[in-house]
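The values are calculated or read from the model by the stated rules, or taken from the named source; none is laboratory data. Not measured: the values here are computed from a predicted model. Quick reminder, even Gly has a Cβ in these numbers, built from the backbone with ideal geometry, and neighbours come from all protein chains shown. Please note that ligands, DNA and RNA were not included when accessible areas were found on the heavy atoms of the full protein model with its side chains. Shrake-Rupley method; radii C 1.70, N 1.55, O 1.52, S 1.80 Å.
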Amino acid sequence: MLQNPYPIIINFLVLVFFLLAFFSAELKGKLILLGIAVLLFGLPTIVSFDSVSWIVYGSKVIFGLGCYLFIRKQGFL
């Protein structure tokens, strides 16, 4: 039984907003977005402390909100 579905939901929403922002950005923006996404999704596999994982989830929420605001500014949605 799944006890905490929130990390899965956060990861899904962040990936959706990231992909939409990635497709609407120019080359330099794509590189920046890709670098941040690789850092946020790659860091938990390298460092596995509980305190770091909650910081990473908080950072993913902020990154997802930033991607959403970027999409709205670009007029993509």
How many residues, within segment 6-16, are open to solvent by 50 Å² or more (accessible area, probe 1.4 Å) and touching a helix residue (DSSP H, G or I) at 6+ places or on another chain (Cβ under 6 Å)?
1
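Of everything in segment 1-41 that's within 14 Å of residue 67 (Cα to Cα) and among the β-branched types (Val, Ile, Thr), which residue is nearest to the chain's Cα centre (by Cα)? Before you say what the answer is, go through the steps one by one.
Taking segment 1-41 as the starting set, the residues that turn out to be within 14 Å of residue 67 (Cα to Cα) are 10-26, 29-37, 40.
Restricting the remaining residues to those that are among the β-branched types (Val, Ile, Thr) gives 10, 14, 16, 32, 36.
Values: 10: 8, 14: 4, 16: 9, 32: 12, 36: 8 Å.
By that ranking, first place goes to 14.
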Could you list, in sequence order, all residues of segment 17-56 that are surrounded by fewer than 16 Cβ atoms within 10 Å (Cβ to Cβ) and assigned to a loop (DSSP other than H, G, I, E, B)?
26, 47, 48, 49
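What is the residue count in segment 15-68 for residues that are within 22 Å of residue 4 (Cα to Cα) and either in contact with a Cys (Cβ under 8 Å, 6 or more places away or on another chain) or aliphatic (A, V, I, L, M) (or both)?
So in segment 15-68, the residues within 22 Å of residue 4 (Cα to Cα) come out as 15-17, 40-65.
Then drop every residue that is not either in contact with a Cys (Cβ under 8 Å, 6 or more places away or on another chain) or aliphatic (A, V, I, L, M) (or both), which leaves 15-17, 40, 43, 46-47, 52, 55-56, 61-62, 65.
Final tally of qualifying residues: 13.
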Could you tell me whether any residue of segment 57-77 is β-branched (Val, Ile, Thr), part of a loop (DSSP other than H, G, I, E, B) and exposed (fewer than 15 other Cβ atoms within 10 Å of the Cβ)?
no
Based on what the data block shows, is residue 62 of a type in the set (Val, Ile, Thr) and out of contact with any helix residue (DSSP H, G or I) (no Cβ under 9 Å at 6 or more places or on another chain)?
yes
